[in-house]
Amino acid sequence: MKQGTLPEYDYDIIIIGGGPAGYTAGIYAARAALKTLLIEGESSVSQITITDMIENYPGIPEGIGGFELMQLFKKQALKFGLEILSKDVTGIKKSSASPVWEVTSSDKVFKTLSIIAATGAMWRSLGVSGESEFAGKGVSYCATCDGPFYRNRDVIVVGGGDTAIQEALFLTHFAKKVVVIHRRDRLRAAGMLQSRAFAEKKIEFVWNSTVSEITGTDFVTGVKVKNIQTGGLSEISADGIFIFVGRLPYTEIFKGLVETDKTGFIVTDENMRTNAQGLFAAGDCRAKLFRQVVTAAGDGANAVNSAELYIDEVKGQTY
Ligand code: NAP
C-alpha cells in the first residue's frame, strides 16, 4: 500500500505492557525514531517488579532488585523519547479493510499501524493462607531466580506438571532435599522428566495431597498438608516453597483478535509475528518455553524489528 492511500493514524507502534518486553520494545522503537506509545497498566504491575533479586541478568554481576531494574529500563526508554501512558487498555479493534488498529485507553482512541502485545503473565497461585504473606520470604514461583538462595536447605515444590518436575530437578543442584507435593497419585509431567525425578535421591514425593497453609514467622518454616484421599492432615518443614501449578497470561484484551494456545498465550513465529497483520507479541504473554527477563527483553527487540519491517511495507517504503 502506498503512503498516500493510508488512512490517518497517530502512532507507528503502540506497545501494550510495561514489563521487560514492553520497555525493551520501547527502547528499540523510540531509538529507531518510530512514533511510539507505550501503555502500561494503571491497575497492574509487571511480575518483575515484585521479584526481590535478579542475579542472572547479564551485565549486572552484583544482582539487582526487579523494581530497580525496571526503573532503569524506563529511564533508558525515556532518554530516547518514548511516550508513556499509565492507563489500562479497555478495547482494541481493527477492520479488515484498514491497516489501522484502534486502541482505547482512558476514554481516548489511539490509531496505530501496529501493536506489540507485551502484557505478561502471572503465576497461578494456590490461594492458601500464608502464600501472599510470605511471597519473596520463602514463597517463590521461579526456581531459576531463587533456587541459588536455598543451598543445603530443604524446599518444597507444589505441582506435578513439566514445570514443577523440571524445576524440582533444577533445585536439587542447590537444595539438600526437595519434597514434591502433588494432588494426584501420578505426575502430569513428560515421561523422561518423571524418570529423572524418580531416580533423583534428593527428591521425595508426597502424593494425593494439597497444601492447605504456608506457615512461618519472618520467613517460611513449612506447610500444612491435607491428604485428599484420607483427609489426614500433616505438617512438612521447609525453608522455601516453590509453587508451579500453571501460569495465566494477561491476554483477555486480545481475545478474538489473534490465535492463542488453549491457556490463552499468544501464538507467534520466532520473529514475534502473530496471525493478525500488524499485531506482534513479546515476553511472557506469548506461547513459549522459557520465561525470563532476558528472554522477554530479546522478544521485545525482535518484535520491534518485525513491526518496523511491517510498517515499512504498509507505508510502501520497502527497498
Ligand atoms: P501444567 O501442565 O498446567 O501443570 C500444572 C500442574 O499443577 C499439574 O500437575 C496440576 O495438577 C497442578 N495444579 C494445578 N492447579 C493446582 C492447584 N490448585 N493445587 C495443586 N496443584 C495444582 O503447567 P506447567 O507445568 O507450568 O506447564 C505449562 C505448559 O508448559 C505445559 O504445556 C507444559 O508441557 C509446558 N512446559 C514444557 C516444558 C518442557 O518441555 N521441558 C517445561 C515446562 C513447561 P494435575 O496434574 O492434577 O492437573
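The values are calculated or read from the model by the stated rules, or taken from the named source; none is laboratory data. Just so you know, these numbers come straight off a predicted model, no measurement behind them. Cβ: placed from backbone, ideal geometry, glycine included. Neighbour counts: every protein chain shown.
Segment 58-156 holds strands (runs of 3 or more DSSP E) entirely within its bounds, and those carrying 1 or more residues that are away from the ligand (no atom under 16 Å from the Cβ) and surrounded by 14 or more Cβ atoms within 10 Å (Cβ to Cβ) map to 83-86, 89-94, 101-105, 108-117. Remark: pairs (first residue in segment 177-188, closer than 16 Å to residue 242 by Cβ and modelled with pLDDT of 95 or more; second residue part of a loop (DSSP other than H, G, I, E, B) and among the aromatic types (Phe, Trp, Tyr); Cβ separation under 8 Å; 6+ apart in sequence or on different chains) = 182/207. Please verify whether segment 305-318 includes one or more residues that are under 26 Å from residue 56 (Cα atoms) and either in the same structural domain as residue 38 (by TED's automatic domain parsing) or out of contact with any helix residue (DSSP H, G or I) (no Cβ under 7 Å at 6 or more places or on another chain) (or both). Yes, some residue in segment 305-318 is under 26 Å from residue 56 (Cα atoms) and either in the same structural domain as residue 38 (by TED's automatic domain parsing) or out of contact with any helix residue (DSSP H, G or I) (no Cβ under 7 Å at 6 or more places or on another chain) (or both).
Please tell me if residue 165 is within 14 Å of the ligand (Cβ to nearest atom), crowded, with 23+ Cβ neighbours inside 10 Å and either within 27 Å of residue 64 (Cβ to Cβ) or touching a residue at least 60 places away in the same chain (Cβ under 8 Å) (or both). It is false that residue 165 is within 14 Å of the ligand (Cβ to nearest atom), crowded, with 23+ Cβ neighbours inside 10 Å and either within 27 Å of residue 64 (Cβ to Cβ) or touching a residue at least 60 places away in the same chain (Cβ under 8 Å) (or both). Among the residues making up segment 178-218, those that are polar (S, T, N, Q) and away from the ligand (no atom under 11 Å from the Cβ) are 194, 195, 215, 217.
Assigned to a loop (DSSP other than H, G, I, E, B), surrounded by fewer than 19 Cβ atoms within 10 Å (Cβ to Cβ) and touching a strand residue (DSSP E or B) at 6+ places or on another chain (Cβ under 7 Å): does that describe residue 256? No: the conditions fail for residue 256. Selection over segment 176-195 of residues that are in contact with a strand residue (DSSP E or B) (Cβ under 9 Å, 6 or more places away or on another chain) and either surrounded by 15 or more Cβ atoms within 10 Å (Cβ to Cβ) or outside the structural domain of residue 224 (by TED's automatic domain parsing) (or both) gives a count of 8. Filtered by the rule that a residue be surrounded by fewer than 20 Cβ atoms within 10 Å (Cβ to Cβ) and touching a residue at least 60 places away in the same chain (Cβ under 8 Å), segment 266-275 gives no residues. Within segment 3-28, being polar (S, T, N, Q), surrounded by fewer than 21 Cβ atoms within 10 Å (Cβ to Cβ) and in contact (Cβ under 8 Å) with a residue 40 or more places away in the chain holds for one residue alone: 3.
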